[in-house]
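Structure first, then comments.
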Amino acid sequence: MQELLLNQSATASPIAGTTPFPLLSREGVRAYRRALFQKKVLDQCASSPFPGTLVLRDAEKQSNFIKDFWTHPETMRIMCEAMGVPLDVIMPTEIGHTNIQVEGATVSDMTKNLNIEPTAEKVELTVEERAYDPLKDVSTIIPWHYDSYPYVCVLMLSETEGMIGGETYIKKGDGTAKKVEGPRIGHAVMLQGGEVEHLAARAKGVKERISTITSYRSGVPTVYDSSYMTNVRPYANLNSLYPEWTQYRLRKLRDEITHYLNKVEKEPELALDQVALEKLVTEQADYLQRTSRQMIAPKEHRRILKAYGSAAYYDAPKIWRTVQSLPEFGEFASSADKNRVWMPESVYWMDLKSSNEAIRLGRPLKATMGNFIWDKERQYYMGDELLRQGLNELFLDWLGTSGLWDIYHKLA
Ligand SMILES: [Fe+2]
């Protein structure tokens, strides 16, 4: 983190990301692919949330191999050692999220093209495609972002020979980009993706690209867990995501309280430290509140995504930047908030109030994009608050109610 000129919190890992390291042998890759391409896994886990991409989620519920591979003490040891801090898997549903680029127009077409043996077949590239620069070509990249979870491990299950792209860029403290090579077959990279702004270059030149991803948080009590479900809500099965999320959050909360309780049981006078107690209470209350705020009602989530599209959901921060430059912006946004035209009965108005209070006191807020310090001259709006909390669907809904979406949409 220091080398990249990034601020490191005292408790998180000093490592922003690793270079690729070997994790699976050739035979291991084949065994993993065999587990992944079983009929029951493909039947139960496959969806195509974006054109040309097949996603497999919850494969660990269908395959013991996949579950055991990621949760094995030796695998855990390697992950923790690579990042230099103790880690826990976020929750079972985030074990081995798999992204597949393969030929085919539909889910069933794409699954038919999956073979246990990794293919080395290449795709001819045009001169233009060869010259592809992910830092300049804004249309073909996964743009700059923070992950929803603090740490991530990406394991490559495809041949990468002849592949162009596929690497990750990290944004340094001075605004320049640092390239991190993508992993070869059987290799993995780890990234502190929740703290480090990064960009993934699209891979070209290969017939298939299969990478599998497991997400982690710190396994140490008192270390802040910056997890959100923002990035996963649109494609996850919310009925399996939410119960796991609730359990993991409450368990973490219990561990934090047990940790503090153990301390004050041993040394009762520690409880006289009002500042430490206040910090614990504030942080845990905030954590608990975010636990439920992140669980947008599935019906509401689907309604808004249908109305605005999932591209707008992921583009929400960019849309907000554009909207702020509209001449109508100030008038529309402040009138929307003054008259509470959007969900007047909701808890978010209380959140907006308390964020405004924190801003007045100069206290930093937690946000999906790391520590959040309000440095703008203008009023802090509900749009800012909903994006801070990573509630992109509610942000779009607010934007629509304020009238700003219509103006933006006409321009776009
Ligand atoms: Fe990412």
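What's the number of the only condition in (1) within 20 Å of G403 (Cα to Cα); (2) in the same structural domain as L253 (by TED's automatic domain parsing); (3) of a type outside the set (A, V, I, L, M, F, W, C) that D286 fails to meet?
Here D286 clears every test but (1).
Inside the stretch 150-184, can you point out the residues that are of a type in the set (D, E, K, R) and free of Cβ contacts under 8 Å to residues at least 24 places away in the same chain?
Matches in the stretch 150-184: K179 only.
Which fully enclosed strands (runs of 3 or more DSSP E) of the stretch 185-282 have 3 or more residues being more than 24 Å from L394 (Cβ to Cβ), away from the ligand (no atom under 14 Å from the Cβ) and touching a residue at least 60 places away in the same chain (Cβ under 8 Å)?
209-218
So, restricting to helices (runs of 4 or more DSSP H) that lie completely within the stretch 334-412, which ones have at least 3 residues that are under 25 Å from the mean Cα position of the chain (by Cα)?
Ranges flagged: 348-360, 382-388, 392-402.
Each row is one residue, and each column tells you yes or no for (1) over 17 Å from the mean Cα position of the chain (by Cα); (2) buried (at least 23 other Cβ atoms within 10 Å of the Cβ); (3) at pLDDT 95 or above; (4) not assigned by TED's automatic domain parsing to the domain that holds L394.
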residue	(1), (2), (3), (4)
I141	no, no, no, yes
P150	no, yes, no, yes
T176	yes, no, no, yes
V180	yes, no, no, yes
E197	no, no, no, yes
R202	yes, no, no, yes
R209	yes, yes, no, yes
S215	no, yes, yes, yes
S218	no, no, no, yes
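Identify the single condition in (1) surrounded by 13 or more Cβ atoms within 10 Å (Cβ to Cβ); (2) touching a residue at least 12 places away in the same chain (Cβ under 8 Å); (3) not assigned by TED's automatic domain parsing to the domain that holds E267 that K318 does not satisfy, given that it satisfies every other one.
Single failed check for K318: (1).
May I ask you to list the residues in the stretch 140-177 that are of a type in the set (D, E) and within 12 Å of the ligand (Cβ to nearest atom)?
Within the stretch 140-177, just D147 meets the criteria.
If you check V180 against the conditions, is it more than 11 Å from the ligand (Cβ to nearest atom), in contact with a Pro (Cβ under 9 Å, 6 or more places away or on another chain) and β-branched (V, I, T)?
Considered against the rule, which asks whether it is more than 11 Å from the ligand (Cβ to nearest atom), in contact with a Pro (Cβ under 9 Å, 6 or more places away or on another chain) and β-branched (V, I, T), V180 comes out as yes.
Go through (1) surrounded by fewer than 16 Cβ atoms within 10 Å (Cβ to Cβ); (2) touching a residue at least 40 places away in the same chain (Cβ under 8 Å); (3) not assigned by TED's automatic domain parsing to the domain that holds L155 one by one and return the number of the condition Q2 breaks.
Looking at each condition in turn, Q2 falls short on (2).
Of the conditions (1) within 16 Å of the ligand (Cβ to nearest atom); (2) part of a helix (DSSP H, G or I), E129 clears all except one; give me its number.
Just one mismatch for E129, condition (1).
Out of all the residues in the stretch 355-364, is one or more under 19 Å from S292 (Cα atoms) and buried (at least 20 other Cβ atoms within 10 Å of the Cβ)?
Yes, there is a match, as at least one residue in the stretch 355-364 is under 19 Å from S292 (Cα atoms) and buried (at least 20 other Cβ atoms within 10 Å of the Cβ).
The values are calculated or read from the model by the stated rules, or taken from the named source; none is laboratory data. This is a predicted model, so every value here is computed, not measured. Don't worry about glycine lacking a Cβ; one is built from the backbone with ideal geometry, like all the others, and counts go over all protein chains shown.
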